[in-house]
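The values are calculated or read from the model by the stated rules, or taken from the named source; none is laboratory data. Predicted model only: the values in this text are computed from it and were never measured. FYI the Cβ positions are ideal-geometry reconstructions off the backbone, even for glycines, and counts take in every protein chain you see.
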Amino acid sequence: MNGFDCFLNGFALIIKPGLRRFFIMPIIINSLVLIALVATSYVYFDDWIEAIMAVFPDWATWLHWLIRAMAFIILLVLLYYGFTFLANLIAAPFNAMLSVKVEETLTERVPSSALPVWRAVAREFSKLFYVLPRLLLLLILTFIPVINLVSPLLWILFSIWMAAIQYTDYGADNNGLSFKELRNRVGKKRLHALAFGAPIWLLLAVPVVNLILMPAGVAGGTRFWVEHLRS
């Protein structure tokens with residue numbers, strides 16, 4: 001449960017003197033991105049359904065309820081990953097600075113590659129290129145009979161895995177570790193990583209809590225990096 005301890009400690013770390021000012025901007029960014037995505041989905045969801053139904057012949061109108069249900073599920077998945085990517089992309093420089101300060105608090109030294117925080121934005125695209133083909137594969141598996149019985153579990157495990165990767169990566173990047181090497185190190189601490197990522201995945205759906213989840217995740221992920229992945 002070391003990973004879970006790191007996650008919980010993230011909330012305590014962000015309210016420490018000297019760290020509090022670094023999580024205000026990520027919270028504002030989280031709020032704006034979430035409001036924009038939910039509002040856009042609410043306004044255009046029916047139009048998207050009608051556009052999809054227009055592809056089908058008239059005799060297939062009875063499939064409307066099924067297509068609507070599947071579209072809603074897919075929309076939730078896209079909202080989850082879209083919110084995660086956009087919020088982390090925009091907030092990446094602030095998250096990088098928060099991670100630097102957390103590591104400095106925990107180790108009493110500045111990380112070796114902490115200065116170019118702009119690099120954190122480019123790092124988000126590395127994660128995106130890692131995620132997209134795997135999302136496509138999961139989407140395909142969802143529509144294959146028999147295999148799709150276990151696809152919900154695969155979606156959950158992958159989401160938890162990516163949560164662990166996302167928030168431990170700031171500490172790795174601040175110390176000059178490549179994204180590929182980070183994945184290898186997290187893979188060697190798989191159970192701890194899943195224990196760290198699972199509460200993040202669960203709490204992302206809880207209103208208000210999900211707004212402070214990003215800075216707390218960054219702080220907890222940095223502690224996870226310091227204690228389990230650095231050496």
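Yes or no, residue by residue, for (1) in a helix (DSSP H, G or I); (2) among the hydrophobic types (A, V, I, L, M, F, W, C); (3) modelled with pLDDT of 75 or more; (4) more than 17 Å from the chain's Cα centre (by Cα):
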| site | (1), (2), (3), (4) |
| --- | --- |
| N9 | yes, no, yes, yes |
| G18 | no, no, yes, yes |
| I29 | yes, yes, yes, no |
| S41 | yes, no, yes, yes |
| D47 | yes, no, yes, yes |
| V55 | no, yes, no, yes |
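When A91, A172, A163, A122 are checked against the criterion of being surrounded by 17 or more Cβ atoms within 10 Å (Cβ to Cβ), out of contact with any strand residue (DSSP E or B) (no Cβ under 8 Å at 6 or more places or on another chain), assigned to a helix (DSSP H, G or I) and modelled with pLDDT under 85, a single residue qualifies: A91. Note on segment 145-184: among residues that are within 16 Å of I73 (Cβ to Cβ) and among the β-branched types (V, I, T), the one that is nearest to the chain's Cα centre (by Cα) is I156. Among the residues making up segment 173-220, a single one is among the acidic types (D, E) and either free of Cβ contacts under 8 Å to residues at least 40 places away in the same chain or within 18 Å of I14 (Cα to Cα) (or both): E181. In segment 201-228, the residue that is surrounded by the fewest Cβ atoms within 10 Å (Cβ to Cβ) out of those that are at pLDDT 90 or above and among the aliphatic types (A, V, I, L, M) is V226.
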